[in-house]
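The values are calculated or read from the model by the stated rules, or taken from the named source; none is laboratory data. Keep in mind that this is a model prediction, so the values were computed, not measured. Because the Cβ atoms are built from the backbone with ideal geometry, glycine has one as well, and the counts that use them run over all protein chains shown. All accessible areas refer to the heavy atoms of the entire protein, side chains included, with ligands and DNA or RNA removed. Shrake-Rupley method; radii C 1.70, N 1.55, O 1.52, S 1.80 Å.
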Amino acid sequence: MPDIFGMPVAVLLGQVLLGLINGSFYALLSLGLAIIFGMLNVINFAHGAFYMFGAFVTWMVMSWLGLSYWPALVVVPIVVGAFGAAIERLFLKRLYQVDHLYSLLFTFGLALVMEGLFRHVFGSAGKPYPVPQELTGVLKLGFMFLPVYRGWVIIAALLVCVATWLVIEKTRLGAYLRAATENPSLVQAFGINVPLMLTITYGFCVGLAGFAGVLAAPIYQVSPGMGSNLIIIVFAVVVIGGMGSIGGAILTGLSLGVIEGLTKTFYPSASSIVIFIVMVIVLMLRPAGLFGREA
Amino acid sequence: MTDSRERRLELKGLHSWYGESHVLHGTTLHVNRGEVVTILGRNGAGKTTTMRTIMGIVRKRKGEARLDGHDLIATPPHKVARLGLGYVPEERGIFSSLNVAENLTLPPVVKSGGMGLDEIYELFPNLEGRDKTVGTRLSGGEQQMLAMARILRTGADFILLDEPTEGLAPVIVDEIAKALVKLKALGLTIILVEQNLKFATASADRHYVMDQGQVVDEFTNERLVSDMARINAHLGV
Ligand SMILES: Nc1ncnc2c1ncn2[C@@H]1O[C@H](COP(=O)(O)OP(=O)(O)OP(=O)(O)O)[C@@H](O)[C@H]1O
Ligand SMILES: [Mg+2]
């Protein structure tokens, strides 16, 4: 195969694919953050903790209840989403009338509490989680050997992201969501129960974070710190994509994963900061983000 | 006269607040079934606030507000529409993230007897064939028609119409005036806030004048037409 900038194309393609795996997680999480911000005006700092919670619940239902990966893929997002919905009803709901800063501080505090609790109960070390039997092995792609499970992560994340996008852009429920993002009191005056919609939206997006947690369990160690490591990057992704755009969050998440992967091949020492460099450049040129609406 | 007809809306000593700012100071008025009643008054008199208070968009309120006997103050804001109230706001409230078709079908149907799409296009031919256009790309007049059309679709039979002709060209005003006459003929009950007196008197039965959050005068349409000096004194023109 030919070379590009002295790199064999096969190696490049391999890195692109690996980047897409990280990008899948960025996309799933930044999608939820963008929807929550658009609808609830909440900067959800607890998103990483919900992702960690999802991974832990996956591990717990396996170790304690013997529930395997596939049922967990359905059950865990529901459990985590219901937990999120309860948090919205009990706490966040009371903070909508006051400055955004309060909900930001609340979710930040919640993340610290959750992480601290899990650290206290389970310790800092990671818990291993096996790759489900059906997804073990590797795929021979010609340019690389891709572990089947990682291919599955990309496909599952993409499917869920695209489905969410379709629901928001193409359905009646999505029209309610978009309208309520613009003018909640008018939508409410039309007879739609906006507070209930906010609870469901928050629960759903937290459930997405839980889903990402299930996908992550067999790849990364299930550990209390796994969320806070990731959420900083995801916030950078959301800032780059622009807070307001759902499709933008998905595309930005995937592309930044790829950019990060490519940086690993060309200049490995910059790979952990490349996303922040992109963020600085985007903020200088387009402060509202790549897909954000300029005020 | 009209008082013998069935009372639909009754506001008695209605007060409301935006945060700390007290805007309605004991508004009292009523509307009977099938009437078109206007609220006139200077800028800032509280006309829009009266509508927003009826709809429950302004939450901090006191006093009495009933529609067909239902206590509006005790009704949660998302249940007000189900009593048959349809709100066409002054700023029109067309959503920029929704296309025309989505804007039109956004408000849920609340009662049977709402207009079908063909009736709506007959009333407002400009809206036909614009389904995929972004709502806010329509002209001001078309946005006003869309804001009215989406409420007529729901079967709401008590319409709050806030300054429908504001900023529109005379030809469009005529079209909206014709639509209003048709709506009245259909038996809808309407509160109209309007600065354009010619438009207001074309279809209204009665007029209230508001000032500083209170109703300060009331006219039948005949009286208003014959006594323009009195209303002009109120409006300061
Ligand atoms: N969101 C708000 N917050 C605080 N005060 C408000 C708000 N909206 C209106 N007001 C004040 O309430 C008073 C009544 O306003 P309102 O909009 O009801 O007047 P209006 O009669 O509809 O006037 P216009 O003819 O200009 O539409 C005004 O003094 C206005 O400044
Ligand atoms: Mg007004």
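Matching residues to (1) away from ligand 1 (no atom under 11 Å from the Cβ); (2) in contact with a His (Cβ under 7 Å, 6 or more places away or on another chain); (3) more than 23 Å from residue B:180 (Cβ to Cβ):
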position: B:7; (1), (2), (3): yes, yes, no
position: B:12; (1), (2), (3): yes, no, yes
position: B:16; (1), (2), (3): no, no, yes
position: B:19; (1), (2), (3): no, no, yes
position: B:28; (1), (2), (3): yes, no, yes
position: B:33; (1), (2), (3): yes, no, no
position: B:51; (1), (2), (3): no, no, no
Candidate set from region B:68-127 (those that are within 16 Å of ligand 2 (Cβ to nearest atom) and touching a residue at least 40 places away in the same chain (Cβ under 8 Å)); member that is farthest from residue A:174 (Cα to Cα): B:90
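Which of the residues spanning region A:32-46 are part of a loop (DSSP other than H, G, I, E, B) and open to solvent by 20 Å² or more (accessible area, probe 1.4 Å)?
Looking only at region A:32-46, we keep the residues that are part of a loop (DSSP other than H, G, I, E, B), and these are A:41-46.
Those that are part of a loop (DSSP other than H, G, I, E, B) and open to solvent by 20 Å² or more (accessible area, probe 1.4 Å): A:41, A:43, A:45.
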Only one of B:134, B:215 is of a type outside the set (Lys, Arg), open to solvent by 30 Å² or more (accessible area, probe 1.4 Å), under 21 Å from residue B:48 (Cβ atoms) and modelled with pLDDT of 95 or more. Can you tell me which? B:215
Which condition from (1) surrounded by fewer than 16 Cβ atoms within 10 Å (Cβ to Cβ); (2) touching a residue at least 24 places away in the same chain (Cβ under 8 Å); (3) under 17 Å from residue A:216 (Cβ atoms) is the one that residue A:76 breaks? (1)
Say we look at region B:218-232 and pick out the residues that are farther than 25 Å from residue B:14 by Cβ and of a type outside the set (Val, Ile, Thr); which of these is most open to solvent (accessible area, probe 1.4 Å)? B:222
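Can you go through B:30, B:78 and tell me which one is open to solvent by 20 Å² or more (accessible area, probe 1.4 Å), within 14 Å of chain A (Cβ to nearest Cβ) and not small (Gly, Ala, Ser)? First the steps, then the outcome.
Working: B:30 fails: within 14 Å of chain A (Cβ to nearest Cβ).
After applying the criteria, what remains is B:78.
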Here the residues within region A:140-194 that are in contact (Cβ under 8 Å) with a residue 60 or more places away in the chain and within 14 Å of chain B (Cβ to nearest Cβ) are A:165, A:168, A:169, A:177, A:180, A:181
Given the conditions (1) open to solvent by 50 Å² or more (accessible area, probe 1.4 Å); (2) more than 9 Å from ligand 1 (Cβ to nearest atom), report the number of the one that residue B:42 does not fulfil. (2)
Would you pick out the residues in region A:263-289 that are open to solvent by less than 60 Å² (accessible area, probe 1.4 Å), in contact (Cβ under 8 Å) with a residue 12 or more places away in the chain and in a helix (DSSP H, G or I)? A:265, A:274, A:275, A:278, A:279, A:282
Only listed residue being more than 16 Å from ligand 2 (Cβ to nearest atom) and under 21 Å from residue B:201 (Cα atoms), chosen from B:32, B:43: B:32
Could you list all residues from region A:216-241 that are out of contact with any His (no Cβ under 8 Å at 6 or more places or on another chain), open to solvent by less than 10 Å² (accessible area, probe 1.4 Å) and touching a residue at least 60 places away in the same chain (Cβ under 8 Å)? A:216, A:217, A:222, A:224, A:237, A:238, A:241
Residue under question is residue B:152, and the condition is that it be away from ligand 2 (no atom under 16 Å from the Cβ), within 14 Å of chain A (Cβ to nearest Cβ), on the phi < 0 side of the Ramachandran plot and out of contact with any Cys (no Cβ under 6 Å at 6 or more places or on another chain); does it hold? yes
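Closer than 14 Å to residue B:36 by Cα and within 14 Å of the chain's Cα centre (by Cα), is that true of residue B:177?
Working: closer than 14 Å to residue B:36 by Cα: yes; within 14 Å of the chain's Cα centre (by Cα): yes.
Yes; evaluated as a whole, the condition is true for this residue.
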For a quick check of your reading: which helices (runs of 4 or more DSSP H) sit entirely within region B:145-233 and have at least 2 residues that are β-branched (Val, Ile, Thr) and in contact with a His (Cβ under 9 Å, 6 or more places away or on another chain)? none
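Would you point out the residue of region B:81-108, among those that are among the polar types (S, T, N, Q) and open to solvent by 10 Å² or more (accessible area, probe 1.4 Å), that is farthest from the other protein chains (Cβ to nearest Cβ)? First the steps, then the outcome.
Step one: list which residues in region B:81-108 are among the polar types (S, T, N, Q), which gives B:96-97, B:99, B:103, B:105.
Remaining after also requiring open to solvent by 10 Å² or more (accessible area, probe 1.4 Å): B:96-97, B:99, B:105.
Numbers: B:96: 7, B:97: 4, B:99: 9, B:105: 7 Å.
Looking at the filtered set, the residue picked out is B:99.
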For region B:28-61, give me the residue count where each residue is under 23 Å from residue B:218 (Cα atoms) and in contact (Cβ under 8 Å) with a residue 40 or more places away in the chain. 23
Boolean, residue B:86 is at pLDDT below 95 and under 15 Å from the mean Cα position of the chain (by Cα): no
Taking the options B:159, B:176, B:190, name whichever one is in contact with a Gly (Cβ under 6 Å, 6 or more places away or on another chain) and away from ligand 1 (no atom under 16 Å from the Cβ). B:159
